[in-house]
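These notes concern the structure reproduced below.
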């Protein structure tokens, strides 16, 4: 009669371990969800930063040639 009692005890222990494992997995899933949200936020920020950088480059591109021309004129005037 010792066999069924041991089997029941083993099954009870396994169930308790599985519940503990499930709790740990739930915690892991919450942390992974947080990582997922954080990575999505970073991706959005990166996209916005890239758009802003391109907008500044497009805005300043015409000014570069004008500034370069002014620098040339100043250098020419200073050399006189």
Residue 10 and residue 65 label points (each 7 Å along its Cα→Cβ direction) are spaced in nm at 8.4 nm
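Please list the equivalent ellipsoid semi-axes of the chain, computed as the square roots of five times the alpha-carbon gyration tensor eigenvalues, in descending order and whole angstrom. Before the final figure, lay out each step's value.
On the way: eigenvalues 1113, 24, 6 Å².
They are 75, 11, 6 Å, listed from largest to smallest.
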With Cα coordinates, the longest principal axis of the chain makes an angle with the long axis of helix 2-79, in degrees rounded to 10, of 0 degrees
Two pseudo-spin positions, 7 Å from Cα along C-beta at residue 41 and at residue 17, lie apart in nanometres by 3.9 nm
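Every number here is computed from the coordinates shown, using simple stated rules; none is lab data. Computed from a predicted model, the values in this text were never measured in an experiment. So basically every Cβ, Gly included, is an ideal-geometry build from the backbone, and we count neighbours across all protein chains shown.
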